[in-house]
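One structure below.
Here, each number is a calculation from the coordinates, and none is a lab measurement. Bear in mind the structure is a predicted one, so any value in this text is a computation, not a measurement. Please note: Cβ atoms are built from the backbone with ideal geometry, for glycine as well, and neighbour counts cover all protein chains shown.
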């Protein structure tokens, strides 16, 4: 992916997240993507430009239409980054579980 910061910045906007959710169902044109929103087609196009700049979507030319599609590689890269965070958190929780188990065992021996 071009830039993880740009991807997270793009994902910070609820309209762009909704657009990505729609594109997860398949390709769509700008007009199709604009339908559920109370905004102009140029406003939706600006959102698409941000998503495209972040590498989250791509557009292709098909006559006068420019269908947009989700870029799975970008989503997978974000997921890999999140997996590294999940792994680190799991290791921290496992260490904490170990410390708590030791404390409980120690308190159990002292109570006897």
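Distance from the Cα centre of the range 69-112 to that of the range 13-46, in angstrom? Taking the Cα centre of the range 13-46 as reference, the centre of the range 69-112 is 36 Å away.
I'd like the FRET efficiency for residue 86 and residue 6, computed as 1/(1 + (r/R0)^6) with the beta carbon distance as r and R0 of 22 Å, rounded to 0.05.
Working: r = 22 Å, r/R0 = 1.01.
The computed FRET efficiency comes out at 0.50.
Expressed as a rounded percentage, what relative contact order does the chain have, with Cα pairs under 8 Å and six or more residues apart? Each step should come with its number before you reach the end.
Values: 85 pairs, mean separation 29.8, N = 112.
Normalised by residue count, the contact order of the chain is 27 percent.
Helices in the chain, meaning DSSP H runs of at least 4 residues, each add -39500 (n - 2.57). Divided by all residues, the mean residue ellipticity at 222 nm is -22500 deg cm²/dmol.
Peptides 16-27, 43-54: what's the order by average Cβ count within 10 Å, highest mean first?
On the way: 16-27: 15.3, 43-54: 17.8.
Averaged packing, sorted descending, gives the order 43-54, 16-27.
Hey, what D do you get for the range 4-111 in µm²/s if you plug the Kirkwood alpha-carbon radius into Stokes-Einstein at 10 °C and 1.306 mPa s? Rounded, D is 96 µm²/s. Each peptide in 65-73, 101-109 was scored by the mean count of other Cβ atoms within 10 Å over its residues; highest first, the order is 65-73, 101-109. Taking 7 Å steps out from each Cα toward its Cβ at residue 94 and residue 18 produces label points 4.2 nm apart.
Taking 7 Å steps out from each Cα toward its Cβ at residue 39 and residue 62 produces label points 2.3 nm apart.
Between residue 102 and residue 73, the contour length at 0.36 nm per residue exceeds the alpha carbon distance by 6.1 nm. Taking only the Cα atoms of the range 49-102, the radius of gyration and Dmax are 19.7, 68 Å.
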